Every structure is written in C-alpha cells, then in structure tokens.
Amino acid sequence: MKSAKLFIFLVALAAFSACATSTTNTNANTNNNANLTNTANVNTKPTAQNLTEVPRPQKIQDEMTTRGEQDNAAPTITVVEPKNGATVNSSVVKVKLTLAGDLKGYKPTKDMTTGMGNHIHVILDNQPYEAYYNLDQEFELRNVSDGEHTLRFFPSRPWHESYKNANAFQMVKFTVRNGGADTTKPATTNANQAMSNANTSATPEGKDMQSSTAGAIDAAKPLLTYSRPKGEYKGADAEAIMIDFWLSGNQPVLQNDDPNGQLVAIGSPFRVRYSVDGGEAKFIDKWQAIWLSGWTEGKHTIKLELVDKDGNLVDNGGYNSTTREITVTK
Ligand SMILES: [Cu+2]
C-alpha cells in the first residue's frame, strides 16, 4: 500500500512537472492524476452492487401468519388535529388521530420486548417519517418553523409496510405563525427520544427531522409519498430491503380499488421510478412494496419518483421526487 501511494505520488509529480510549462494542459493533467488515483482505489471499494428483486422475506411471511387477519385490514385515519388549513401560533404542533375502518385486530402499539409493532407513519413536509405507536398517547412535533407545512399519515405494519386501502392515507396543510422555532435546529417529536432509545436492529428508524417547509402541494394532483427504506439496516435486516410508498390524488389511475391494497396496477399514464446510488432507473408497475437484495455495506441513496408515460417527473410541490440515504451494516 505504501509503495502504491508512493508510485501514484511520483506519477502525479511527473505529470505535474510535465505540464508545468503549459498552462493549457493543466486541466487535462489534473484529470489524469484523478484517474490514476481512482484506479488505485478500485481494490479498496466494495464489490459492485447488483440488486435483485426478491419475494417478501420468509421472516415477514411467518409474522403475517402469526398476525392472522390483520394484514387484510382496511384501517382508515381521521386527522383530528391539526385541522387542514389551520394556523398554529406555536412551534409545537399537536397531532391527534383517530383510527377506524375494518381493523381486523389492527392496533398501533409497541411491544416493549421487541420494540416493534403496528404504527402510523407521520411525515412532516417531505422529511423521513416518524413512527407514532400509541394513538392514546399524545404526539407532538416540536420546533416546527414558521410557514406552510404538510403532514401526511398512513398506517403501517411492524416491518414498516404501509396499508394501502382507501382513506388509510391523510394529508393536512397547516401554517405556523410566530412560532419562534429555532431554525438552526431540526424539528423533533416528543417521542423522538424514546424512539431513538428503542432503535434496535429490528426497528431501523431514522434521524431528526430537518427544518423544512411545504412546497405548493395539491392533494388532488398525483402524489407519491416516499415511505421506505430509511435509516440503518443491520445484519439479517439488510439482506432484503423494502421499498414502499403511498400513491394519492384524485386521478382514477391512482385510486386504489383493492380492499387489501396490495396488488393495484399503477399503469398509464403514471409510473413509479426508482434508482439506487444514481444507477439505472427501474420501474415499479404495481402499487405494492418490493424487496431488493444484494446490498453492499455502506451508505446508499434511493431515489423514488412519480413520472408520466414519457418519463417526465410529475411535479407536485417537489414531493414527487425524493432521495433518501440509508446505511447498510453487515
Ligand atoms: Cu414504520
């Protein structure tokens, strides 16, 4: 390794000396140097990642069996607070939800032994979601900056796969006025501390929400809500990583007529496109979670977009193209 570095240094020095007399060639030689360095580094990088779509992991299939009818439930959410269009004169925004519909035993709750359980995904603006486990306990967002915001909610399973039935998803817009938030710090939830403490390998959660505001979101327009993946994946949880999202909007093509919401074709004119680490774009043509295996250790980015039949982004306040970073630890 030492001799390799020395070699690169000498080559770089030689290249630099060679071009020192010619200013026009400086850029070209700088690039050459960069190439040499990159070539030397190839061996130290992880092997190229080759992701393949795999079936729902057996561990989850087993859990579904244990859960009985729950996965055929059609939970619906009503947002009691904040009301759509509300103005909140505080940086603390209280959230109150009620759950109804055909629940078949579905109840958000955290098992204190495993740290897992059914929960609601709560998304401020277009930040990574926060988990809301117990609807009987208060949930609040703190340090929310002045301005317009959105909150999105939908029920989720212990392994973070969302329910996709009609009215499972809700979105409200609200405005914070003179809230006095510290804009140098992210918004948090009152449950954040507890969630971080319970952040075992079995419940890969994310980090603090960043300071953010809503874009010009129109709930009636096609809207893609990024849900998973997020956070850190370790060991067995990193073997197959789930991509999951919500589709909403008034267009018939995006409506979900399947009571179980698992196998709804997205179809023309909209498609969901994803790419990992800026690589090849792939399409998800049914509205359902997919699992990908073959992840290499380290940080990865996942970009999820709603596009039209020509592959152009369908804009909706900037929410229809979301890139998240995850960390994979073997
Ligand atoms: Cu979740």
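No lab work stands behind these numbers, since they all come straight from the coordinates. As the structure is a computational prediction, the values presented were derived from the model and not from experiment. Using ideal geometry, Cβ is built from the backbone for each residue, glycine included, and neighbour counts are taken over all protein chains shown.
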Quick calc, the stretch 52-329, dipole around Cα centre from Cβ unit charges on Lys, Arg (+) and Asp, Glu (-), nearest 20 debye, gives 280 debye
Full-extension gain between K185 and T323, please, as 0.36 nm times their residue separation minus the C-alpha to C-alpha distance.
47.6 nm
Volume of the Cα convex hull of the stretch 289-330, divided per residue and given in Å³
100 Å³
C-alpha center-to-center spacing [the stretch 75-90, the stretch 219-246] in angstrom:
24 Å
Run the simple label-point estimate for R56 and A216 please: 7 Å along Cα→C-beta, distance reported in nm.
4.0 nm
Here the net charge surrounding V79, from other residues whose Cβ is less than 12 Å away from its Cβ (Lys, Arg +1; Asp, Glu -1), is +4
Of G68, T323, A214, which is farthest along the charge dipole of the stretch 52-329 in the positive direction, counting Lys and Arg as +1 and Asp and Glu as -1 at C-beta?
A214
Residues meeting the amide H criterion for N118 (H placed from the backbone, H to H distance under 5 Å, 5 or more places apart or on another chain) are T109
Each residue of the stretch 129-146 in turn: what ³J(HN,Hα) in whole Hz from Karplus with 6.51, -1.76, 1.60 and θ = phi - 60°, glycine and Pro shown as x?
5, 10, 8, 10, 8, 10, 5, 7, 9, 5, 10, 9, 9, 10, 6, 7, 6, 4
Which residues' amide hydrogens lie under 5 Å from the amide hydrogen of T296, considering only partners 5 or more residues apart or on another chain, with H built in the peptide plane?
none
Simple spin-label estimate for N250/L313, 7 Å along Cα→Cβ, in nm, reads 2.5 nm
Let me have the relative contact order for the stretch 52-329, percent, based on Cα pairs under 8 Å that are six or more residues apart.
18 percent
3J(HN,Hα) from dihedral phi, the stretch 100-117, Karplus parametrisation 6.51/-1.76/1.60, rounded to Hz, x for glycine, proline
9, x, 7, 7, 6, x, 5, 8, x, 6, 9, 6, 5, 6, 8, x, 10, x
Each residue of the stretch 163-177 in turn: what ³J(HN,Hα) in whole Hz from Karplus with 6.51, -1.76, 1.60 and θ = phi - 60°, glycine and Pro shown as x?
7, 10, 6, 4, 6, 6, 8, 9, 9, 10, 10, 8, 10, 9, 10
Binned at 10 Å starting from 0, the alpha-carbon pair-distance distribution of the stretch 52-329 in whole percents comes out as 6, 30, 38, 22, 3, 0
